Amino acid sequence: MTTQHLATAPAAPATPRPVPATARRALVAARRRGRLGTLTAASVLGAVTLAVFCYSLTVGSFPIPLPDVLRSLLGHGTPGTDFIVLDVRLPRALTAVASGAAFGLSGAIFQNLVRNPLASPDVIGITSGASAAAVVAIVLFGLGGAAVSLSALVGALATAVAIYLLAWRRGVTGYRLVLVGIGVSAALSGMVSFLMTRAEVYTAQQAMVWLTGSLGASDWQRARTLLLCLVPLLPAAVVAARSLPALSLGDDTARGLGVRVERGRLGLVLVGVCLAAVATAATGPVAFVAFLSGPIARRLIHGRGPALALSAQVGALTMLGCDFAGQHLLGPTEFPVGVITGALGAPCLLWLLARSNRVGRGG
């Protein structure tokens, strides 16, 4: 064969080099350590949440020993104990856990989708839409109770649709969604401020209590409604999150992996918005729970994976613990849960902003 034929002859296909056995063992060991770390963190969070939940049922102006609480939960308590435990304290504790889990999961979905730890429903305008709708219902129409919660739910969903449509430019990118959301949130906050200045003192006080975020009005109707809403939303979040690892790699890479980018992103946004909306409708726009849960959960497992389930657990524990602190640990005055989460969340927001700028991610 001549030199020309040798030069033009097709090259033989390269044989893929086998992965060394040591590398395979190291990969398997790393995955096993990751699963073990996640399971350990979930177990610890679950145990702490259960302990705080049970203790919150025993403490109050009328202390009840834990055995009596357990008897009431099992249906063998006295009428007085049953009323305090089952009708007063249990709905509040369940609402705290359910709404905190919904806030935490919603925040983690948005933060992983946008690939920015500063993105959460209270930053990109979802809770601002709920707040604006609730204030309109209270100030302009004199509504209260379930009507205000329904108005907040509708306002959050309508705001999310408006943000998504305004951010659409042959697709929706993460930073465009955040920037549009911040702008819409600023406009809605201005509308809320205008309505509050025009309202009567008593009406403005009602609106301010709702805007702060509180579990003081929790009852069985509110707790049941929230839990029933979470029954379809949690499995929907599990299904929608299947596309999240690919979307976190970027749109082009996700398309190369066969993921329908816009369909997957729309599903995640819809589930995240609904979770934030139902939680806000139940408790008001409690600040920073959605914002803090995702970063805390990822630090517990050293940044491995989106940590959606852990974020829900962190959100539940944060809401329950902050509500307990506001009721019993800060003197005779009871503080709404939103005051406590705001006091804890503001320094964390400043720390995340400083850290993002320091590592060159631009916040």
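Couple of notes before you dig in:
- Checking A23 against (1) open to solvent by less than 40 Å² (accessible area, probe 1.4 Å); (2) modelled with pLDDT under 85, the condition it does not meet: (1)
- Selection over segment 253-310 of residues that are more than 30 Å from A146 (Cα to Cα) and either in contact (Cβ under 8 Å) with a residue 60 or more places away in the chain or not polar (S, T, N, Q) (or both) gives a count of 26.
- The sole residue among A147, A137, A167, A133 that is within 17 Å of G284 (Cβ to Cβ) and at pLDDT below 90 is A147.
- Here A297 clears all of (1) open to solvent by less than 10 Å² (accessible area, probe 1.4 Å); (2) closer than 16 Å to A237 by Cα except the condition numbered (2).
- Matching entry among A325, A254, A240, A236 (being under 30 Å from V209 (Cβ atoms) and in contact with a helix residue (DSSP H, G or I) (Cβ under 6 Å, 6 or more places away or on another chain)): A325
- Residue in segment 63-85 that is open to solvent by less than 10 Å² (accessible area, probe 1.4 Å), among the aliphatic types (A, V, I, L, M), closer than 29 Å to G342 by Cβ and assigned to a helix (DSSP H, G or I) present: no
- Count of residues meeting criterion [at pLDDT 80 or above and in a loop (DSSP other than H, G, I, E, B)] in segment 116-130: 6
- Count of residues meeting criterion [open to solvent by 20 Å² or more (accessible area, probe 1.4 Å) and among the polar types (S, T, N, Q)] in segment 251-294: 1
- Options A160, A204, A147; residue that is of a type in the set (A, V, I, L, M, F, W, C), open to solvent by less than 70 Å² (accessible area, probe 1.4 Å), out of contact with any strand residue (DSSP E or B) (no Cβ under 7 Å at 6 or more places or on another chain) and within 23 Å of G345 (Cβ to Cβ): A160
The values are calculated or read from the model by the stated rules, or taken from the named source; none is laboratory data. Nothing here was measured: the structure is a model prediction, and the numbers come from that model. Please note: Cβ atoms are built from the backbone with ideal geometry, for glycine as well, and neighbour counts cover all protein chains shown. The protein model used for the area step is the full one, side chains on, heavy atoms only, and it has no ligands, DNA or RNA in it. Shrake-Rupley method; radii C 1.70, N 1.55, O 1.52, S 1.80 Å.
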